[in-house]
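Scroll down for the structure; my scribbles are underneath it.
The values are calculated or read from the model by the stated rules, or taken from the named source; none is laboratory data. The structure presented is a predicted model; accordingly, all values stated were derived computationally and were not measured. With ideal geometry, Cβ positions are generated from the backbone for all residues, glycine too; neighbour counts draw on all protein chains shown. All accessible areas refer to the heavy atoms of the entire protein, side chains included, with ligands and DNA or RNA removed. Shrake-Rupley method; radii C 1.70, N 1.55, O 1.52, S 1.80 Å.
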Amino acid sequence: MARIIAGVASSHVPAIGAAIDNKQTEEPYWKRVFSGFEKSKEWMAETKPDVAIIVYNDHASAFSVEIVPTFALGCAAEFPPADEGWGPRPVPTVIGHPELASHIAQSVILDEFDLTICNKMEVDHGLTVPMNLLFGSPKEWPCPVIPLAVNVVLYPPPTGHRCYMLGKAIRKAVESYPEDLKVVIFGTGGMSHQISGPRAGLINSKFDKAFLDNLTKDPKKLTRIPHLEFMREAGAEGIEMVMWLIMRGALDDKVDEVYRFYTVPASNTAVGHIILENRKRAAAKRPAGKVAKIKRAAARRTIDIRRGGR
Ligand SMILES: [Fe+2]
């Protein structure tokens, strides 16, 4: 059967994509950001998923504000990069997995989550920036992708609890797919940021770090954060973090945090990133000594990050 082996959360700041496209990744301002994803790229290259499900939000690229689906699942064979105002990003076309996507649609809709099915869709930086951060900039993306676009642009977005439960339904769908596929699920967006209004530039590192802590240890606590608290504490666009809860809902209750990175600012936004592995899956594929070694390494990395390193 197919199985979700790990979850990745990452900000999807558009300026990160512009820095990649304009070859500015070695400039000191951007190097600080990109250096935090070097280990993540190594992890992804070792993990080699067969399929990635990427939860993101569209920024009026595929959908105008005239039609805004709450949850839209990409079932197409391919997803071209969208024109975001400066032309499409120079990234490869994203190849889909229509069979698994249709299976997820069938299962999740029968579980009473009313997805919009997209048989044609363009994808913007919300999806392609995290792909660059985790896969680098290859000529072709290394695995098929199932995009899941979530409305966090027009109020009311779905609640964190609804997102978390959708993650569980997606997991159930994946595990009922007969082919033996390794699936990694991404939650993207966040962390704290506000791009307009009197509080533009708001960053709340205390809120963000607590969110990262609880994402690993107590995600149910995060599902109870109301929209107004996200707005107040993490800025108007901080609500994007509900998408991370879809990823988290698709994982085991107890997970291993294998990597974390947090830095501010990047284009007035807090950049957060975390990699979580399902514990029993991870244990099954590794000898016990190696699991202990990974946990020790993860603890060291967390301490480094808290000291300001990466
Ligand atoms: Fe966004």
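Structure values in brief
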read-out	value
The range 209-223 residues that are farther than 16 Å from V242 by Cβ, paired with ones that are among the hydrophobic types (A, V, I, L, M, F, W, C) and open to solvent by less than 20 Å² (accessible area, probe 1.4 Å) (beta carbon under 8 Å, 6 or more apart)	T216/V255; T216/I274; T216/L276
Which numbered condition V123 fails, given (1) within 16 Å of the ligand (Cβ to nearest atom); (2) open to solvent by 10 Å² or more (accessible area, probe 1.4 Å); (3) at pLDDT 95 or above	(2)
Pair list, Cβ under 7 Å, 6 or more apart: the range 137-165 residue without any contact (Cβ under 8 Å) to a residue 60 or more places away in the chain, other residue among the aliphatic types (A, V, I, L, M)	W141/V94; W141/I95; W141/M131
Hits in the range 126-137 (condition: more than 20 Å from H97 (Cβ to Cβ) and within 12 Å of the ligand (Cβ to nearest atom))	V129
Some residue of the range 226-233 being in contact with a His (Cβ under 8 Å, 6 or more places away or on another chain), more than 16 Å from the ligand (Cβ to nearest atom) and among the charged types (D, E, K, R)	no
Single match in A62, A149, A52 (criterion: under 26 Å from K172 (Cα atoms) and within 15 Å of the ligand (Cβ to nearest atom))	A149
For I53: the one exception among (1) surrounded by 16 or more Cβ atoms within 10 Å (Cβ to Cβ); (2) among the β-branched types (V, I, T); (3) more than 28 Å from E99 (Cα to Cα)	(3)
Scope the range 174-192; condition assigned to a loop (DSSP other than H, G, I, E, B), within 16 Å of the ligand (Cβ to nearest atom) and small (G, A, S); matching residues	G189, G190, S192
Given (1) open to solvent by less than 50 Å² (accessible area, probe 1.4 Å); (2) more than 16 Å from the ligand (Cβ to nearest atom), index of the condition P156 fails	(1)
Residue in the range 57-69 that is surrounded by 15 or more Cβ atoms within 10 Å (Cβ to Cβ), at pLDDT 95 or above and in a helix (DSSP H, G or I) present	no
Qualifying position, being more than 17 Å from the chain's Cα centre (by Cα) and either more than 24 Å from I239 (Cα to Cα) or not in a loop (DSSP other than H, G, I, E, B) (or both), among A105, A9, A72	A105
The range 234-278: number of residues that are in a loop (DSSP other than H, G, I, E, B), within 16 Å of the ligand (Cβ to nearest atom) and surrounded by fewer than 19 Cβ atoms within 10 Å (Cβ to Cβ)	2
Unique residue being out of contact with any strand residue (DSSP E or B) (no Cβ under 7 Å at 6 or more places or on another chain) and under 16 Å from H273 (Cβ atoms) when the list is F63, F34	F34
